[in-house]
Amino acid sequence: MKVEIWSDVVCPYCYMGKIIFESALKKFPQSNELEIIWHSYQLDPSLNKGKNGDLYQYMADMEGVSYEEAVAGQNEVAAKARESGLVYNFDKAIITNTFDAHRLIHLAGKYKLADLAEEQLFKACFTEGLDISNHDVLLNIGQQIGLDKNQILQMLDSNEFANDVHTDIEDAENLNLYYVPFFLFDRKHIITGVVSEDDFLKVLNKVFTKDDADIETIQGKSCSLDGTCN
């Protein structure tokens, strides 16, 4: 069974979706038979590297709301994250371009470390408030998960895996994918956004038993290409 996941590492719901999916896998007896593939997605490819202003103001501009409403909205997201055991520190989170972070994930994928790379990048962004476009930060994360320092530096100093990132995004467009996280099970059943463990288990069991009588499409809280999250 193949599970393909499109996400962006500055998407707060993508981190939650990852955690809940992993929790569901612990209750799924055939989890060791899954092939999990992480795909790149960029919610806002126009962002520069480094800090792009105040996060709350960025969200206010994207969502067309006041600054105060943006703060309240992010507080709600942080509260939702706590339900999954995550700590979001939006006061120090840096909204930035994620292209090089996705290239690092592709490098990690060569060694079956993509899941660890996703985890550490999410944590760096939302909990630690690090700039995940910064090459020193990416080098440190890569080494933490077991990648070779020289390989990371070579990748960061080149365009390696750039085509892979672009291909993932083009694939998303071909699938009319506009919301992340996006889980695609054997190219048939779909889950978008943050859903329950039971929702994941429902689809996993259906795919494993090859029950395609009713193709499942389940949607929860997600972030869209226009930068809004709801």
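At the residue level, I169 shows approximately 40 square angstrom of accessible surface with a 1.4 angstrom probe and all protein chains present. Each semi-axis of the equivalent ellipsoid for segment 103-230 is √(5λ) with λ an eigenvalue of the Cα gyration tensor; in descending order they amount to 30, 16, 15 Å. In the context of the full protein assembly, E76 retains an accessible surface of approximately 130 Å², using a probe radius of 1.4 Å and ignoring ligands and nucleic acids. Amide H to amide H, with H built 1.01 Å from N, I218 comes under 5 Å of I190, I191, T192, counting only residues 5 or more places away or on other chains. Evaluated with a Cβ-only charge set (Lys, Arg +1; Asp, Glu -1), segment 1-159 carries a dipole of roughly 540 debye about its Cα centre, given to the nearest 20. Placing +1 on each Lys and Arg Cβ and -1 on each Asp and Glu Cβ, with no other charges, gives segment 121-220 a dipole about its Cα centre of roughly 220 debye. For the chain, the share of DSSP beta bridges that are antiparallel, to the nearest 5, is 55%. By the Cβ distance rule (another cysteine Cβ under 4.7 Å), the unpaired cysteines of the chain are C125.
Extending 7 Å from the Cα toward the beta-carbon at both S224 and Y111 defines two label points whose distance is 4.0 nm. With all protein chains in place and ligands, DNA and RNA left out, the 1.4 Å accessible area ranks V137, V87 as V87, V137, largest first.
Between K26 and Y67, what is 0.36 nm times their sequence separation minus the Cα-Cα distance? Round to one decimal in nm.
Working: separation 41, 0.36 × 41 = 14.76 nm, distance 3.99 nm.
Value of the extension gain: 10.8 nm.
Residues in segment 110-137 near a label at K149, defined as backbone nitrogen under 15 Å from the 7 Å Cα→Cβ point? Residues passing the 15 Å test: 136-137.
For segment 72-150, carbon and sulfur atoms together expose 46% of the accessible surface, with a 1.4 angstrom probe and every protein chain in place. Heavy-atom accessible area for M1, with the other protein chains in place and a 1.4 Å probe, reaches approximately 50 Å². Building the convex hull from the alpha-carbon atoms of the chain and averaging its projection over directions returns 12.0 nm².
Provide the gained length on full extension for the span E173 to Q57, in nm with one decimal, where the gain is 0.36 nm per separating residue minus the Cα-Cα distance. Please list the in-between numbers first.
Details: separation 116, 0.36 × 116 = 41.76 nm, distance 2.81 nm.
That works out to 38.9 nm of additional length.
Across the options I145, L175, W6, the greatest Cα extent toward the positive end of the charge dipole of the chain (unit charges at beta carbon of Lys, Arg, Asp, Glu) belongs to I145. Across K202, K80, the residue with the most accessible area heads the list, and the full order at a 1.4 Å probe is K202, K80.
The values are calculated or read from the model by the stated rules, or taken from the named source; none is laboratory data. Treat the numbers as computed from the prediction; the structure is a model and nothing was measured. Methodologically, a virtual Cβ is constructed for each residue, glycine included, from the backbone with ideal geometry; neighbour enumeration extends over all protein chains shown. Each accessible area value is taken on the protein alone, full model and side chains, heavy atoms only, with ligands, DNA and RNA left out. Shrake-Rupley method; radii C 1.70, N 1.55, O 1.52, S 1.80 Å.
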